[in-house]
Amino acid sequence: MSKFTDTFRNIFKIHELRQRIIYTLVLLFIVRLGSHLTTPGVDAALLTESMKNQSSDSLFGLYDLFVGGAFHNAAIFALGIMPYISASIILQLLGAVVPYFQKLQQEGEEGRKKITQLTRYGTVLISAMQAWGVTVRLLNLEVNGMPIVPDPVRGIGWVLSTIVIMTAGTIFMMWMGEQITEKGIGNGISLIIFIGIIARFPFALLDEYRLIQAGQRSIIVEIIIFAFMFLIIAGVVLVTQGTRRIPVQYAKRVVGRKIYGGVTQYIPLRVNTAGVMPIIFAQAIMFIPNTVLSFFPNNEFLQSVANLFHYQSAVYSIIYALMIIFFTYFYTAIAFNPKDVADNMKKQGGFIPGIRPGKQTSDFIDNILTKITLPGSIFLAIIAILPAFVSAWGVTGQFAQFFGGTSLLIIVGVALDTLQQIESHLLMRHYDGFMKSGKIKGRR
């Protein structure tokens with residue numbers, strides 16, 4: 001404990017690091033503030049009343065999770081940073097199939113600048129479209145026959161102004177994310193999503209405390225719940241940092257009077273190369289049936305079908321788990337290309353001992369990646385369906401989301417990345433890191 005205390009004390013001894021942390025905290029505070037500022041023209045009291053009966057088991061609930069409740073509040077940051085994430089994913093997928101984007105990815109710094117510019121344009125377009133969808137939804141919300149957008153306010157003027165405000169809110173959040181990455185402690189976009197999710201944790205703890213106070217749960221059971229949660233987090237950290245290292249030998253080269261190569265390095269293949277993306281893809285698809293069927297509340301047959309897709313049903317869990325395993329392999333194939341790795345190794349005079357350069361190297365890496373991805377995908381599937389199981393065991397819905405799923409993976413991944421950034425600053429100035437031996441590894 002004293003080592004951690006000394007490490008945190010050292011953090012604030014470094015002027016630059018202290019300034020970066022303060023800068024990051026200020027911008028994150030602005031993010032949270034904007035998540036509670038209701039869009040002009042919306043009756044906040046009626047909005048709160050209408051949202052009480054809204055189910056979190058829908059695409060709207062999933063979206064609200066990523067934007068930290070801003071969508072629920074119809075805030076100026078209601079769209080969050082998700083349009084930027086969507087634009088980034090679209091360009092990444094295009095880079096796997098469209099030659100123009102493949103060429104941009106291989107052009108180095110200039111290519112990255114062009115991709116960043118296209119991502120920003122895509123963010124504006126997606127934000128405007130989603131903002132228009134939000135205005136349509138808000139115009140249709142009523143409480144006891146009273147619209148949450150009053151009649152005097154309704155009109156094309158309110159729709160256009162709301163689209164502009166919400167789009168500008170997303171662009172502002174994108175800018176803040178880039179500033180945190182450049183002038184803060186890094187991982188700006190990830191930290192914005194992280195702070196939105198973790199902001200719910202105090203309220204979840206308060207719900208648990210109320211259950212104990214009301215006598216609905218004993219302290220012993222609560223201790224067991226927290227111990228179980230600790231074990232799950234430890235497992236997520238283990239898999240997130242787990243890698244299979246492939247040794248690579250580089251031949252000696254003489255350039256002038258200097259000798260290059262002749263050393264052994266390693267290619268770290270991650271057990272969970274795909275990260276949280278398979279769960280996001282699968283969850284978005286699984287929420288579509290309930291979201292669509294919620295528009296037909298009076299149809300008994302459709303509602304019986306909707307029950308099959310309830311997140312606590314066995315059918316939902318099985319389909320959800322299988323989709324996560326599929327998307328893990330799918331996204332891993334996009335994120336990591338063994339052929340490119342093998343070609344780069346061959347150009348630099350590197351080879352895996354016992355394996356011929358070229359196609360055999362590519363096949364060897366692909367074979368290992370396929371094998372280690374299977375346990376990683378199964379682990380992701382288990383983590384994804386855990387919140388449904390703990391909810392069935394009596395853990396409150398708000399607290400249950402921290403036992404697994406997208407929330408826990410994002411929290412752990414971003415926390416590890418942020419600690420890695422801070423530790424790098426400490427080690428660069430000859431201070432001790434957070435660990436006695438070795439260094440914290442982020443997701444990359």
Cα-Cα separations in the chain greater than 35 Å, expressed as whole percent = 39 percent
task = For T243 paired with V292, estimate the spin-label separation in nm (one decimal), with each label point 7 Å from Cα along the Cα-to-Cβ line.
result = 4.3 nm
Accessible area in square angstrom per residue, the chain, 1.4 angstrom probe = 53 Å²
request  = Express the carbon and sulfur contribution to the solvent-accessible surface of the stretch 85-192 as a percent, rounded to the nearest whole number, probe 1.4 angstrom.
outcome  = 65 percent
inquiry  = Give the residue list of chymotrypsin sites (Phe, Trp or Tyr not before Pro) in the stretch 344-422 that are DSSP loop and have at most 15 other beta-carbon atoms within 10 angstrom.
reply    = W393
key: Whole-Å distance, taken between Cα centres, linking the stretch 309-366 and the stretch 176-203   = 29 Å
message = Output the 0 to 90 degree angle, nearest 10, between the alpha-carbon long axis of helix 82-97 and the longest principal axis computed from the alpha carbons of the chain.
response = 40 degrees
remark   = Here the FRET efficiency for R9 versus S304, based on Cβ atoms and R0 = 41 Å and rounded to 0.05, is 0.10
query = What is the mean projected area of the alpha carbon convex hull for the stretch 47-193, to one decimal in square nanometres?
reply = 10.5 nm²
For the stretch 267-279, 3J(HN,Hα) per residue [Karplus equation, 6.51 cos²θ - 1.76 cosθ + 1.60, θ = phi - 60°, Hz, x = Gly/Pro] = 9, x, 8, 7, 5, 10, 5, 6, x, 8, 4, x, 5
task = Kindly sort V305, V390, V26 by accessible area of their heavy atoms, largest first, with the probe set to 1.4 Å.
result = V26, V305, V390
task = Classify the stretch 125-271 as rounded, prolate or oblate from the Cα gyration tensor: take a ≥ b ≥ c as the square roots of its eigenvalues, call it rounded if a/c is under 1.5, otherwise prolate when a/b beats b/c and oblate if not.
result = oblate
request  = Run the quick spin-label model on L139 and A314: label points 7 Å from Cα toward the beta carbon, then report their separation in nm to one decimal.
outcome  = 4.6 nm
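What number does the stretch 302-389 give for Rg over Rh if you use C-alpha atoms and the Kirkwood radius?
Dividing the radius of gyration by the Kirkwood radius yields 1.23.
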query = Mean separation of Cα pairs under 8 Å and 6+ residues apart, divided by the residue count of the stretch 73-175: what relative contact order is that in percent?
reply = 40 percent
request  = Could you run the Debye sum over the Cα atoms of the stretch 122-199, one equal point scatterer each and no solvent, and tell me log10 of I(q)/I(0) at q = 0.13, 0.23, 0.26 Å⁻¹, two decimals?
outcome  = -0.55, -1.01, -1.11
inquiry  = Averaging over every viewing direction, what projected area does the convex hull of the Cα atoms of the stretch 355-404 cover, in nm²?
reply    = 4.2 nm²
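What is the gain in length, in nm to one decimal, between V97 and L206 on full extension, counting 0.36 nm per residue of separation less the C-alpha to C-alpha distance?
34.4 nm
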ask   = Accessible surface of K183 in the full protein assembly, 1.4 angstrom probe, to the nearest 10 Å²?
value = 100 Å²
remark   = Set K114/K371; K13/K113; K103/K339; K13/K183, cut-off 27 Å on Cα-Cα distance; pairs above it are K114/K371; K13/K113
Residues whose placed amide H lies under 5 Å from that of R270, excluding near-sequence neighbours = R244
query = Residue-wise, which Karplus ³J(HN,Hα) couplings in Hz belong to the stretch 217-232, taking 6.51 cos²θ - 1.76 cosθ + 1.60, θ = phi - 60°, and x for glycine or proline?
reply = 8, 7, 5, 4, 4, 5, 5, 4, 4, 5, 5, 5, 5, 4, 5, 5
request  = Using the Karplus curve 6.51 cos²θ - 1.76 cosθ + 1.60 with θ = phi - 60°, work out ³J(HN,Hα) for each residue of the stretch 113-130 in order, rounded to whole Hz, and write x for Gly and Pro.
outcome  = 5, 5, 5, 4, 5, 5, 5, 5, 4, x, 4, 4, 5, 5, 4, 4, 5, 5
inquiry  = What figure, in Å² to the nearest 10, do you get for the accessible area of S304 with a 1.4 Å probe and non-protein molecules left out?
reply    = 60 Å²
Cβ-based net charge around N367, under 15 Å, with every Lys or Arg adding one and every Asp or Glu removing one = +3
query = With each label point set 7 Å from Cα along the Cα-Cβ vector, what nm distance links R120 and E107?
reply = 1.6 nm
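The values are calculated or read from the model by the stated rules, or taken from the named source; none is laboratory data. This one's a predicted model, so the numbers in the text were calculated from it and none came from an experiment. Glycine gets a Cβ as well: all are built from the backbone with ideal geometry, and neighbour counts include every protein chain shown. SASA here: full protein model, heavy atoms, side chains in, ligands and nucleic acids out. Shrake-Rupley method; radii C 1.70, N 1.55, O 1.52, S 1.80 Å.
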